[in-house]
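Asker: One structure coming up, written as structure tokens, with questions to follow.
The values are calculated or read from the model by the stated rules, or taken from the named source; none is laboratory data. What you see is a predicted model, and the numbers here were worked out from it, not measured in a lab. Using ideal geometry, Cβ is built from the backbone for each residue, glycine included, and neighbour counts are taken over all protein chains shown.
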Amino acid sequence: MSRTPRPAAHDAHARHAEPNPRPDVAAAVQRWQRRHGRRGLPWVGERDPYRVWLSEVMLQQTQVATVVGYYQRFLERFPHVHALAEASEDEVLALWSGLGYYSRARNLHRCAQQVVAVHRGRFPEDSAALAQLPGIGRSTAAAIAAFCFGERAAILDGNVKRVLTRVLGFGGDLAEAAAERALWARAQALLPVRGIEVYTQGLMDLGATVCLTRQPRCARCPLAAHCTAREEGRPEAYPVKSRRARRGERDDILLWLEHRGRWWLARRPGTGVWAGLWCLPLLADTATLTRATAGWPGSSQALPEVRHALTHFDWTLRPTHWRWPARARAPEPAELEKRLGPGRWLLPDEALAQGLPAPVRRLLEAA
């Protein structure tokens with residue numbers, strides 16, 4: 001897709017941005033990016049807003065190496081926004097399965113539907129309008145607008161926050177809204193007049209490959225001469241964010257019910273952990289398991305526990321495999337739904353084609 005840059009005079013952000021007080025910073029980033037920036041990633045240099053948007057959403061809180069395969073499979077199945085909008089949510093979640101943070105997939109689907117229904121299949125060409133779409137925050141909107149439409153809009157994802165707070169010696173507590181706003185203003189003021197695409201990609205690549213959270217590679221950084229944190233000798237002190245969520249713990253039983261080669265999968269509620277995914281029924285404890293299986297024929301087998309880390313808690317999952325005797329008639333779905341919640345019987349291939357949480361998929365695939 002051809003890029004359609006707009007003059008700065010028509011750029012809402014540019015109208016209100018202060019002149020860059022440190023143009024040497026932007027120029028150094030651009031020079032470094034042209035010589036040392038990442039190459040070979042399928043989205044680098046992309047100008048199609050659909051593909052840029054897809055990559056930006058997938059890269060949120062997910063490693064690049066993991067995203068590459070998912071990105072390519074998504075484009076094979078949904079080559080354009082119309083194809084994604086027309087898909088069912090189950091199809092989208094199934095293809096997203098294992099990538100985590102599933103609200104991203106649901107928002108991706110909703111966003112595609114809105115782009116088609118409201119914008120006739122064309123993404124808006126400015127960051128303010130993009131940020132009104134489901135699941136697109138200010139930084140993602142700015143990345144799409146910069147890469148695809150040449151808008152001078154600042155991004156501020158986790159990597160870029162780390163680069164800029166260290167370079168600027170920005171000690172504001174980013175847990176506070178006022179400090180976050182101040183950093184956005186500083187980021188906007190640093191934007192170059194030309195070459196916004198190279199600068200934006202350069203900041204992303206610096207944060208991903210050089211200005212690391214721990215043991216930053218300052219000797220390789222093009223901003224070392226400008227960096228306040230390096231001069232202070234304490235780059236790990238930035239960014240400052242005081243309020244950290246306390247990690248909790250959770251312990252549940254996964255009931256793997258099998259009858260004549262079919263498995264019973266339950267649909268997770270529309271909100272909460274693993275919302276909307278298909279899963280083995282989750283039971284709170286052995287007492288709940290005893291009540292749910294009261295009067296059943298067959299027997300259960302405890303399988304090795306699975307440890308799964310989520311954003312705010314560590315989860316111990318205790319799979320219990322219950323083989324319903326083949327000679328016995330399986331319980332009716334209505335009866336199982338009373339005990340275990342909404343679900344259905346599926347053959348293994350059918351089950352593995354659904355959107356499954358990563359630890360459940362690994363467990364079932366091992367069978």
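Asker: Among (1) over 22 Å from the mean Cα position of the chain (by Cα); (2) surrounded by fewer than 16 Cβ atoms within 10 Å (Cβ to Cβ); (3) without any contact (Cβ under 8 Å) to a residue 40 or more places away in the chain, where does Ala224 come up short?
Answerer: (2)
Asker: Report, by residue number, each residue of segment 341-354 that is modelled with pLDDT of 90 or more and in contact with a strand residue (DSSP E or B) (Cβ under 6 Å, 6 or more places away or on another chain). Spell out the reasoning first.
Answerer: Restricting attention to segment 341-354, the residues satisfying the condition of being modelled with pLDDT of 90 or more are 342-354.
Scanning segment 341-354 gives Pro342, Gly343, Trp345, Leu346, Leu347, Ala351, Gln354.
Asker: Do you know which of the residues in segment 315-367 that are charged (D, E, K, R) and part of a loop (DSSP other than H, G, I, E, B) is surrounded by the fewest Cβ atoms within 10 Å (Cβ to Cβ)? Walk me through it before giving the result.
Answerer: If we filter segment 315-367 for residues that are charged (D, E, K, R), which is where we start, we get 318, 323, 327, 329, 332, 335, 337-339, 344, 349-350, 361-362, 365.
If we keep only those that are part of a loop (DSSP other than H, G, I, E, B) too, we end up with 327, 329, 332.
Values: Arg327: 7, Arg329: 10, Glu332: 9.
By that ranking, first place goes to Arg327.
Asker: List pairs: first in segment 162-190 and in contact (Cβ under 8 Å) with a residue 12 or more places away in the chain and part of a loop (DSSP other than H, G, I, E, B), second surrounded by 21 or more Cβ atoms within 10 Å (Cβ to Cβ) and among the small types (Gly, Ala, Ser), Cβ under 7 Å, 6+ apart or cross-chain?
Answerer: Within 7 Å, the pairs are Gly169/Ala229; Leu190/Ala26.
Okay, residues lined up against (1) touching a residue at least 12 places away in the same chain (Cβ under 8 Å); (2) under 26 Å from Leu190 (Cβ atoms); (3) out of contact with any helix residue (DSSP H, G or I) (no Cβ under 7 Å at 6 or more places or on another chain); (4) surrounded by 23 or more Cβ atoms within 10 Å (Cβ to Cβ):
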| site | (1), (2), (3), (4) |
| --- | --- |
| Ala83 | no, no, yes, no |
| Ala105 | yes, no, no, yes |
| His109 | yes, no, no, no |
| Gln113 | yes, no, no, no |
| Val116 | yes, no, no, no |
| Asp126 | yes, yes, no, no |
| Leu130 | yes, yes, no, yes |
| Arg138 | yes, yes, yes, no |
| Phe147 | yes, yes, no, yes |
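Asker: Next question, about the same structure. Quick one: in segment 43-81, of everything that is exposed (fewer than 15 other Cβ atoms within 10 Å of the Cβ) and of a type in the set (Lys, Arg), which residue is farthest from Arg362 (Cα to Cα)?
Answerer: Out of the qualifying residues, it is Arg77.
Asker: Give just the number: which of (1) at pLDDT below 90; (2) more than 20 Å from Tyr102 (Cβ to Cβ); (3) outside any strand (DSSP E or B) does Ser300 not satisfy?
Answerer: (3)
Asker: Filter segment 265-278 down to the residues that are closer than 14 Å to Arg361 by Cα and not in a loop (DSSP other than H, G, I, E, B) and list them by number.
Answerer: Narrowing segment 265-278 to residues closer than 14 Å to Arg361 by Cα: 265-266, 274, 277-278.
Scanning segment 265-278 gives Leu265, Ala266, Trp278.
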